Amino acid sequence: MRLVLGSDHAGYEMKQNLDDFLRGLGHEVIDVGTCSTVSVDYPDYAQAVADTVRAGRAERGVLICGSGVGASVAANKIPGIRAGLCHDTYSAHQGVEHDDMNVLVLGSRIIGPELAKELVRAFLDANFSGEERHVRRLGKIKAIEERYSHEH
């Protein structure tokens, strides 16, 4: 699978570890930064991950900041992005199966490196169920995006 990874300074070390882990599993990884622990603004990297997924250059994304909250909020502003902050494996796979989540968000100051790997594996191993109720709910989410994208 082609994946995009991004983080702010707080998530840099976790991003580097996940990059190695994912490549070791045979995935193609696009790293959109950041490239150090020097303080940066998480919305820039959330947008870079989201834009890469939205454009189809990656099938899914993994985004990391200190808590995961800010990056999740920012990524979900991009139409077509369904980013979920997950710190348990159930949410990481169910977010894909029920909500067609395409960006997994992690908090590097909340979880450790081994749990991060388990979460990424659960996220990547999951597939959208396509069940009618989930398709219907996604349609409602898309309608909300459409409604608010035309307001100025």
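Side notes on the structure shown:
- Sorted by Cβ neighbour density within 10 Å, fewest at the top, the residues Arg82, Arg136: Arg136, Arg82
- Proximal lysines relative to Lys117, as straight alpha-carbon distance under 29 Å, when same-chain residues fewer than 8 apart are discounted: Lys15, Lys77
- Least to most buried among Tyr42, Tyr12 (fewest other Cβ within 10 Å first): Tyr12, Tyr42
- Exposed-site-free run, longest, the chain (rule: GluC sites (Glu not before Pro); DSSP loop; at most 11 other C-beta within 10 Å): 1-130
- Rounded Å value of the spacing that divides the Cα centres of the stretch 81-113 and the stretch 118-136: 11
- Listed values (1) 8.6; (2) 13.8; (3) 14.7, entry calculated as mean projected area of the Cα convex hull in nm²: (1)
- In the chain, a dipole from Cβ-located charges (positive for Lys and Arg, negative for Asp and Glu) runs towards its positive end, and of Ala143, Ala71, Gly33 it is Ala143 whose Cα lies farthest in that direction.
- Cα-based helix-to-principal-axis angle, 113-125 vs the chain, degrees rounded to 10: 30
- Fewest-first ranking of Lys117, Lys140, using other Cβ atoms within 10 Å as the exposure measure: Lys140, Lys117
Just so you know, all these numbers are worked out from the coordinates, no wet-lab data involved. The structure presented is a predicted model; accordingly, all values stated were derived computationally and were not measured. Positions of Cβ are generated from backbone atoms using ideal geometry, with glycine treated the same way; all protein chains shown enter the neighbour counts.
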